[in-house]
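One structure is given below, encoded as structure tokens.
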Amino acid sequence: MSRAEAGIAGGRPTAFWVGLGLKSSLLMLLLLPLLQPALEQYEGKGMSWRVLVYSLSCFIVPLLWRLSGSRPPYPYLADTLVVLPALTDVLWNTLGTYDRIWWWDSVNHLVNSSFAAVIGLWAARSSLGPVNRFALALGLGMTLQVVWELGEYATFLARSSVADQYADTIYDLSFDLVGSVVGAGFALLAANAFAREAATDEPAAAFTGS
């Protein structure tokens, strides 16, 4: 029996349960701002739109996978990396971490942009060359973060001063760029490694969808 077969013996692979646990945790955390929107840590944070958008993040990869032909194996890693930024953002807001630690938002942008770029691992399913894979992952990471900044402005930065808006956006995008470069670099290295092991039946392939 291969290692992949051993990993799914008797049911779903471990990656499925990890993803299910993260999505369940996210949806449960979203109940708090939904049921208690007046809590101090949620004030001015635009939690109503976060509840809507973050809930949808649980279904993005499954939907795209279906629309792209449901080619096995399922991309569990991409699915997990789409949910993680939403889960951590709600968690830090609920704990009031952004308000208590001034640099936490920058670190969060750095890490989350890396997650977004690593989703480019899904490009390992195609015949793209190394440069195109890196560019795709980098572009995806930055595009998602720009969309985030637009949503952030529309919900609560619009009520801040122009100087505060500018500084916050520039700081965030700077960390997003660094994180996206790191994530895209990792995606490129990992995609090349998975391509070399394409003939083997590795459990990691179930996570990456390669």
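Since every read-out is calculated from the coordinates, none of them should be taken as a lab result. Since the model is a prediction, treat every value here as computed from it, not as a measurement. Please note: Cβ atoms are built from the backbone with ideal geometry, for glycine as well, and neighbour counts cover all protein chains shown.
Computed quantities for the displayed model
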| item | result |
| --- | --- |
| Stretchable slack from LEU95 to SER55, in nm (0.36 nm times residue separation minus alpha-carbon distance) | 12.5 nm |
| Per-peptide average of other Cβ atoms within 10 Å, ordering 82-91, 130-139 highest first | 82-91, 130-139 |
| Förster-model FRET efficiency, 41 Å R0, THR88 and VAL131, C-beta, rounded to 0.05 | 0.85 |
| LEU189 paired with VAL147, simple spin-label distance in nm, labels 7 Å along Cα-to-beta-carbon | 2.8 |
| Computed FRET value (nearest 0.05) for TYR171 with ARG66, which takes r as the C-beta separation and R₀ as 41 Å | 0.65 |
| Distance in nm between pseudo-label sites at SER25 and TRP103 (7 Å out along the Cβ direction from Cα) | 2.5 |
